[in-house]
Each structure stands twice: as structure tokens, then as C-alpha cells.
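Trainee: My questions all concern the structure below.
The values are calculated or read from the model by the stated rules, or taken from the named source; none is laboratory data. Predicted model only: the values in this text are computed from it and were never measured. Here the Cβ positions follow ideal geometry from the backbone for every residue, glycine too, while neighbour counts run over all protein chains shown. Please note that ligands, DNA and RNA were not included when accessible areas were found on the heavy atoms of the full protein model with its side chains. Shrake-Rupley method; radii C 1.70, N 1.55, O 1.52, S 1.80 Å.
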Amino acid sequence: DVSGSSFYGSAEVRFEKIKEVATILAFAAGHAKDSVGLLLFSDEIELVIESKNIDTHVHFLLQKLYEFQPLLKKQTDISSVLDYVAKKWNKDVVVFVISDFIDEGFEKSLRCAVGRSDLVAVRCYDSVERALPSVGYLMVEDVETGESLYVEAEKKSFVSEILRKRVIKQDQLFSRLGVDVIDISYKSDSCFQLVDFFKRRMIHASLR
């Protein structure tokens, strides 16, 4: 996800964590001799590097990822990447969607993508997107639209409740469609979490 919100962060820029996760996954795929590709998206598909299984390919796609500089702060459209997955890839593909998933209305596209691939949602989140700190009233700005408004920043405020319910609703959607979710914050050890995820997947697969 290279939309505007990927370049926000209360502690560090989210895109740094996104790149870190993508790097670990790319090297893991390369080590396993799997083909690996890269797709960058915002409200449209920005870049596609098709999957290959050659030694230099991982370095090439990571170079493209780390060189990426957005020209504009575009909005997030999860449906755009999910529709691409549904049309272009088949069931032999494992797709990691690395994003903040701050978007709505992508359930239909998610259903189609899940039917075509093994899809994993990697949610890179900022703690203030889960619960606002208790600092009273403050002005916030949507980094993708530029819209500003005053909100009551309290842990039990109306806004915090909206944030909490959004995550619960999304979790229910992913669970219903059988989509695995990895939640990674700025403070997370990305490598540890990904290794733990793959271990759990292996155990689950062996029990089937």
C-alpha cells in the first residue's frame, strides 16, 4: 500500500514498516526457491513486477520498492488490488496484502480474490488508529484528502469507539472469509511475528 496514509505515522512513517515486512517476505520466498513478485497500489495499481524465480529478482524488486517516491498523496482503494488479484492470479499464489486497511466497501472484491488465491492481510497500524490518547480536543487532518476536523481525543470517546468497531467489523469479515491476519505495529518485531505466523500455518496445515 503506497497511498497517502502509508506515509503517516505518530512514531515513524508507516511505509518504513511496510517495506520491512515486504523485505522479510521477499527474502523468505527467495530462500525457499519460490517465485516472488511485487505490486504497489493506492487508489490504482502503481507498479507491477511479475513473479520470477531467479537469484537477482528479489534484489531488483526490493530496489524498486525502496526507490518508490509518491508524486501525490493518493487515497486507499483496497478493492483495486483485490480485483487485480482476482483477475490475474490463480490458486497456487499466496498473496500478502500489506496495508493499514483503512478503507470500506471492499468485501465483494475480497470474496473474489479469496476464491482465486491464498490471501493474507498484513495490517500495519499506528496505536492512535486503535484508540486515541486522552489529550482533550484536537484538530486532525486526513492525510489522503486534506480534510480537517476537531475531535474529542479520549480513550472512551465517540471517535475511539468508531475506531474500535472498525477493527472488530474487519476482523469478522476476514474470519468469515477465511483470511489470515497479521497485525503489526511500529513497536512490533516484524521478523518474530512473521516466523510465528508461518509456524502456526504449518501446524494448522498438518492437522487438516
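Trainee: Using a 1.4 angstrom probe on the protein heavy atoms only, line up 174, 192 by accessible area, largest first.
Mentor: So, going from the largest accessible area down, we get 192, 174.
Trainee: Continuing with this model, one more query. Given the options 104, 16, 141, state which has the largest fluctuation in a GNM of the chain using a 10 Å cut-off (strictly under) for Cα springs.
Mentor: Comparing 104, 16, 141 in the GNM, the peak value goes to 141.
Trainee: Suppose R0 equals 30 Å; then what is the FRET efficiency for residue 93 and residue 130 from their Cβ-Cβ distance, rounded to the nearest 0.05?
Mentor: 0.50
Trainee: May I ask you to give the percent of accessible area on the chain that is carbon plus sulfur, with a probe radius of 1.4 Å?
Mentor: 55 percent
Trainee: Which order do 76, 56 take when ranked by solvent-accessible area (1.4 Å probe, heavy atoms of all protein chains), largest first?
Mentor: Largest accessible area first, the residues go 56, 76.
Trainee: Work out the P(r) tail for the range 1-160: percent of alpha carbon pairs separated by more than 30 Å, whole number.
Mentor: More than 30 Å apart: 21 percent of the Cα pairs in the range 1-160.
Trainee: Compute the length gained on full extension between residue 151 and residue 71: take 0.36 nm times their separation in residues and subtract their Cα-Cα distance, giving the result in nm to one decimal.
Mentor: Going from the current span to full extension adds 25.8 nm.
Trainee: Using a 1.4 angstrom probe on the protein heavy atoms only, could you order 73, 64 from most to least accessible area?
Mentor: 73, 64
Trainee: Calculate how large, on average over all directions, the projected area of the Cα convex hull of the range 66-132 is; give the answer in nm² to one decimal.
Mentor: Projected over every direction and averaged, the Cα hull of the range 66-132 covers 5.9 nm².
Trainee: Now for a separate question. Could you report the chain's accessible area per residue, 1.4 Å probe, as an integer in Å²?
Mentor: That works out to 58 Å² per residue.
Trainee: Between residue 34 and residue 56, what's the calculated FRET efficiency when r is the beta-carbon distance and R0 is 22 Å? Round to 0.05.
Mentor: FRET efficiency, residue 34 to residue 56: 0.90.
Trainee: Run the 1.4 Å probe and let me know the accessible area of residue 204, rounded to the nearest 10 Å².
Mentor: 100 Å²
Trainee: Would you check the accessible area of residue 135, probe 1.4 Å, heavy atoms only, in square angstrom rounded to 10?
Mentor: Accessible area of residue 135: about 90 Å².
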